[in-house]
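Right, one structure below, let's go through it.
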Amino acid sequence: MTLGDAGPLSAGRPGPVRYDDVMQKITPFLWFDDQAEEAVRHYMSVFGDSRIVDVQRYGEAGPGKAGTVMTVTFELAGQQFIALNGGPHFTFNEAVSLSVDCVTQEEVDELWEKLGAGGEEGQCGWLKDRFGLWWQVNPRKLNELLSDPDPVKAGRVMKAMLQMKKIDIQALVDAYEQ
């Protein structure tokens, strides 16, 4: 599928696609300089359950060059996003990140490698991808252990996690069970 092909949005329904049929109430809007297409392709390669919902292009009125991609509405794992080629005026920072729930260490490892390629590792499961967007790659087990009613056990888990970049589930469990 190319970015110009939104895919079978109206499959099983007669008539044109209506935005109220495909838009969620709150949608993260990601501002890129001019890499929205590249970023969307990358994110879709990382998350298997993904699709392009819509592509809009700049017209003669601009501000981008006529015919170039303005926005790409896309889904990753059922969550919609909009990527904008908005120019260099704004950049991502750690104040906003996308948190990914992982069930296994293998999933943590795979997402850490794919999302982090060309980016930078942060502390405590955070990483910045090559487009500057911050992600949290979080195993579900981390929340379970931190939610333990025993503050000593939860504290040991927190202390262990604060020493990590990529989260190591077994190391968290070991700290919990000390």
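The values are calculated or read from the model by the stated rules, or taken from the named source; none is laboratory data. It should be emphasised that the depicted structure is a prediction, and the values quoted were computed from it without experimental measurement. Positions of Cβ are generated from backbone atoms using ideal geometry, with glycine treated the same way; all protein chains shown enter the neighbour counts.
Which of (1) out of contact with any Phe, Trp or Tyr (no Cβ under 6 Å at 6 or more places or on another chain); (2) in a helix (DSSP H, G or I); (3) farther than 25 Å from Ile52 by Cα is the odd one out, the single condition Lys153 does not satisfy? The one condition Lys153 does not meet is (1). Look at region 153-169: where a residue is closer than 17 Å to Glu120 by Cα and a partner is surrounded by fewer than 19 Cβ atoms within 10 Å (Cβ to Cβ), sitting 6+ places away or on another chain with Cβ atoms under 6 Å, you get Lys165/Glu121. Being part of a loop (DSSP other than H, G, I, E, B) and at pLDDT 95 or above is the requirement here; does Glu38 meet it? Answer is no for this residue.
Conditions (1) surrounded by 12 or more Cβ atoms within 10 Å (Cβ to Cβ); (2) touching a Lys or Arg at 6+ places or on another chain (Cβ under 8 Å); (3) in the same structural domain as Ala171 (by TED's automatic domain parsing); (4) charged (D, E, K, R), marked per residue:
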{"residue": "Ile52", "(1), (2), (3), (4)": "yes, no, no, no"}
{"residue": "Thr68", "(1), (2), (3), (4)": "yes, yes, no, no"}
{"residue": "Asp101", "(1), (2), (3), (4)": "yes, yes, yes, yes"}
{"residue": "Leu111", "(1), (2), (3), (4)": "yes, no, yes, no"}
{"residue": "Glu121", "(1), (2), (3), (4)": "yes, yes, yes, yes"}
{"residue": "Asn138", "(1), (2), (3), (4)": "yes, no, yes, no"}
{"residue": "Leu146", "(1), (2), (3), (4)": "yes, no, yes, no"}
{"residue": "Arg156", "(1), (2), (3), (4)": "yes, no, yes, yes"}
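Just name the residue that is farthest from Gly116 (Cα to Cα) out of those in region 48-60 that are assigned to a loop (DSSP other than H, G, I, E, B) and at pLDDT 95 or above. Looking at the filtered set, the residue picked out is Glu60.
Within region 67-88, if we keep just the residues that are touching a Phe, Trp or Tyr at 6+ places or on another chain (Cβ under 6 Å) and not in a strand (DSSP E or B), the residue that is nearest to Glu113 (Cα to Cα) turns out to be Ala77. With respect to Ala117, is the statement that it is free of Cβ contacts under 8 Å to residues at least 40 places away in the same chain and closer than 30 Å to Lys159 by Cα true? Yes, satisfied.
Among the residues of region 54-82, those that are more than 16 Å from the chain's Cα centre (by Cα) and of a type in the set (Val, Ile, Thr) comprise Val55, Thr68, Val69, Thr71.
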